[in-house]
1. Would you please put 56-66, 489-499 in order of how densely packed they are, using the mean number of other Cβ atoms within 10 angstrom per residue and starting with the highest?
2. Listed here are the pairs Lys65/Lys165; Lys291/Lys324; Lys245/Lys318; Lys245/Lys285; Lys242/Lys272; which of them are more than 23 Å apart at the Cα?
3. Return the inverse of the average 1/r over all pairs of distinct C-alpha atoms in the chain, which is the Kirkwood hydrodynamic radius, in Å to one decimal.
4. Work out from phi, with θ = phi - 60° and the Karplus expression 6.51 cos²θ - 1.76 cosθ + 1.60, the ³J(HN,Hα) of each residue of region 416-427, listed in order in whole Hz, and give x for Gly and Pro.
5. Using all C-alpha to C-alpha distances in region 129-232, build P(r) with 10 Å bins and read off the rounded percent in each one.
6. Just to check I understand the Karplus step: with θ = phi - 60° and J = 6.51 cos²θ - 1.76 cosθ + 1.60, what whole-Hz values come out for region 130-136, glycine and proline as x?
7. So who's got an amide H within less than 5 Å of the one on His235, skipping anything under 5 residues away but keeping other chains? H placed 1.01 Å off N, in plane.
8. Please give the Cα centre distance for region 429-485 versus region 375-413, rounded to the nearest Å.
Amino acid sequence: MKTRRLLLAVMTVVLLGIGFPTEAAKGRRTVPALGEVLPAEKLREDFRILRSALEQIHPALYLYKPRENLDRLFDETAKSFDRPLTRREFYLRVSPVVEKVKCGHTYFDLHQRLLNQMMGEAMIFPLPIFFLDQKALVDFASDDIPVGTEVVSINGRAMSEILPKMMPFIRSDGFNWTMKFRMLADEFSMHHRLIFGKAKEFEIIYIPIGKMEPLKKTLASITGEELDKRISSRHSSRGKLKNYKFQWVDEKTGLLSVNSFDFGLRKKGRQKYRQFLKTTFAEIKARPAAKNLIVDVRFNEGGYVGYDVLLFTYLAQKPFRDCKTAMAKTLDIPLEKYLDKKEFSKGVEKSIEKSLVKEFKKAGDGRFHIIDEKNKIRQPKPSGFKGNIYFLISGWTHSGGAVLCGMALNNDNVTFIGQETGGGHEFYTAGNMAFYTLPNTRCQLEVPMIRYQNAVPVKAFPKGSGIRPHHRVTQSQADFIKGRDTVMEFALDLIKKSEK
């Protein structure tokens, strides 16, 4: 679902123009119906376009699944469209296929207007859910069910049956699961609606903390808009987080929270961030007692290019490059007629192509590799921090957030605490994106054009994993209910122990 579209760290940023709809687009302003039945030949056509887009553009299509296996899956799926299906059935069949690419920056979804319409329907599961060690806990204070209560079944289906059916629709980098559970916490109700159908009410079996016997309760469905309100005020919410801030924990320890790299392309935003880093690290350097720095990126899903790299210049122990390698399969965006007219107004794709030509050059392997001038060696800042660094990470740490952590793997003064990052530790795909609207189902596909490789220590982690913490720390059910920041408390306790 596009309820939480990730922002992308890109090597070249092109601000996509938003133009007025073309005549063709104007004729398609009606909301696609979820239950509309489409002929088999139309379904095959859309899947052919989707497959072609992935095969022509995606630079890491076979990174985690061998080509012969993925080709077989594509072929079998294409053959399965031998009879008319509804738009919902098409989505349910195709989305798990796209997930097999194992790319957190590859999106396949229903049309945004259809999702918006579904948000207004009073037919979805009413409780925000939070997952702890794969247990579904109620994440909303209400008179119906206590916060932190474990939901064990919905309408007769055990959660152990529900979760395996949902996971193929949730994206992540490689074989990571922490990001999937984080995303599912936001998207649970909508996926439940699509996979199991709409319902006016939900009978749940639940077990309050400290109790042994399960209880039963029937809850009325709510609209997606009402659910959004509940999610924004859910128990685990920290409210609106600042993109970045710094504070002293004590005389020896500073806390740098970097919750996002999404502060735009405008010069003012860049200057403000640069000044913040300059001022912050000057302040740290001016305090001789400062020995420890906590860098909290647990909520950092990425943002715009360069902000992660700039921060690392203040943390790096030695010169480094933005990435070890960067490559693209093509510099030309194919299937132009299917590009979404809202995202790609006239001429935008040509601007993207021109920018890519300036940064990438065709090599002997037939692919396009970044030129050295665009991947220069960067020097650590003289005012950079040289003490003990503690990174707090989670499944939401993705894209630019995970790239920052990947760079930090090369330091010998860094300790990672929390959960495995959602972003891959070595490879990730992002860059300029091609965004398509399929002509018949109106489903939408977004494909990244560049594959990056971080310069990480040899065999740092298994292929397809995120950055795994030195200290894996998660909340207990009791800590969740109390709202304790278990990860932060662990980090502070670890620092105290190291000073003894």
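1. The peptides rank, most packed first, as 56-66, 489-499.
2. The answer is Lys291/Lys324; Lys245/Lys318.
3. 24.2 Å
4. 9, 9, x, 10, 3, 5, x, x, x, 7, 10, 10
5. That works out to 13, 49, 32, 5, 0, in percent per bin.
6. For region 130-136, the Karplus curve yields 10, 9, 10, 6, 6, 8, 8 Hz.
7. Phe140, Ala141
8. Cα centroid of region 429-485 versus Cα centroid of region 375-413: 17 Å apart.
Every read-out reported here was derived from the displayed coordinates using simple, explicitly stated rules and does not represent laboratory data. Only a predicted model underlies this, so the values are computations on that prediction, with no experimental measurement involved. Cβ coordinates were reconstructed from backbone atoms using ideal geometry, including for glycine residues, and neighbour counts include every protein chain displayed.
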